[in-house]
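The values are calculated or read from the model by the stated rules, or taken from the named source; none is laboratory data. What you are looking at is a predicted structure, and each value in this text was computed from that prediction instead of being measured. Every residue, glycine as well, gets a Cβ built from its backbone with ideal geometry; the counts of neighbours run over all protein chains shown. Remember, those area values only see protein heavy atoms, side chains included, never the ligands or the DNA or RNA. Shrake-Rupley method; radii C 1.70, N 1.55, O 1.52, S 1.80 Å.
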Amino acid sequence: MTRTTESMTPELHDYLVAHTTPVDPVLRDLAEETLRALPDQAGMQIGPEQGRFMTMLARVLGAQSAVEIGTFTGYSSICLARALPDAPGALLACDISEEWTGIARRYWERAGLSGRIDLRIGPALETLRALPAGHAFDLAFIDADKDGYIGYWEELLPRMRPGGVLLADNTLSHGRVIDPAETSAAVQGIRDFNDHVLADDRVEVVLLPIGDGLTMARLTG
Ligand SMILES: C[S@@+](CC[C@H](N)C(=O)[O-])C[C@H]1O[C@@H](n2cnc3c(N)ncnc32)[C@H](O)[C@@H]1O
């Protein structure tokens, strides 16, 4: 029998957020400023329960170094960097927008995390390819252009430590992944990515119904 996850109503979502450790003033203010300054893009930011999950996951893993593809105004990078050692560049953050990451920089400073985060502006695939050999990550978070996910996956996997974990955001595409009428490049990119990850025997994988779908893959080798 297939067991389904209960449908997530707005009320049920409010309830689960209310029963998750609350966000601190830095994340609260960042979410508010993002909504005020960038109302059309603010939905790209991860939600509070996903942020808490990512912080806890990094702590449980004892992650020493992490990489983020898609930084935007810095919410997810704060959630990750908080769980990393206070070492220069413990989090490599990749984005193409100086404007949006300008907001991120201010909040990293306020959170006392600037020293841990190495922001690289430019296409993330180029940033990853330019990393020195031997640069290894315990945790990776992919949350940028959806038709680029497979490229990021293939570039990141050889750079992960054994037992490392890759997370990929929006892998349910608001349910559009199962809508045959949906033919956009972004949704097709996610479908292709989900199939690609499932077929990759280097990892075990679970697609979690957190936020808009969060794929979690662990290197088994
Ligand atoms: C969904 S948002 C990231 C949200 C962020 N993780 C958060 O929780 O606030 C996607 C980001 O990917 C960036 N992006 C898009 N294409 C990119 C590329 N080729 N390389 C690096 N970043 C890219 C965009 O500028 C945008 O800031």
- Item | Only one of Met44, Met54 that is closer than 26 Å to Leu157 by Cα and either crowded, with 20+ Cβ neighbours inside 10 Å or more than 14 Å from the ligand (Cβ to nearest atom) (or both) | Met54
- Item | Filtered residues of region 57-77 (kept if more than 9 Å from the ligand (Cβ to nearest atom) and open to solvent by less than 10 Å² (accessible area, probe 1.4 Å)) | Ala58, Ala63, Ala66, Val67
- Residues (among the aliphatic types (A, V, I, L, M) and assigned to a helix (DSSP H, G or I)) located in region 45-84: Met54, Met56, Leu57, Ala58, Val60, Leu61, Ile78, Leu80, Ala81
- Would region 146-160 turn up any residue that is over 18 Å from the mean Cα position of the chain (by Cα), more than 14 Å from the ligand (Cβ to nearest atom) and not in a helix (DSSP H, G or I)? no
- Options Val205, Val177, Val197; residue that is within 22 Å of Asp138 (Cβ to Cβ) and in a helix (DSSP H, G or I): Val197
- What are the residues in region 42-94 that are more than 15 Å from His135 (Cβ to Cβ), small (Gly, Ala, Ser) and in contact (Cβ under 8 Å) with a residue 40 or more places away in the chain, if any? Gly47, Ala58, Gly62, Gly70, Gly74, Ser76, Ser77
- Query: Quick one: which of Ala87, Ala104, Ala124 is open to solvent by 30 Å² or more (accessible area, probe 1.4 Å) and either modelled with pLDDT of 95 or more or over 17 Å from Thr34 (Cβ atoms) (or both)?
  - Reply: Ala87
- Residue list for region 157-171, filter: at negative phi and crowded, with 21+ Cβ neighbours inside 10 Å: Met160, Gly164, Val165, Leu166, Leu167, Ala168, Asp169, Thr171
- Scanning region 180-189 residue by residue, the ones that are open to solvent by less than 60 Å² (accessible area, probe 1.4 Å) and either in a loop (DSSP other than H, G, I, E, B) or under 14 Å from Leu167 (Cβ atoms) (or both) total 2
- For residues that are near the ligand (Cβ under 10 Å from one of its atoms) and part of a loop (DSSP other than H, G, I, E, B), scanning just region 93-138, find the one that is nearest to Thr73 (Cα to Cα). Ser97
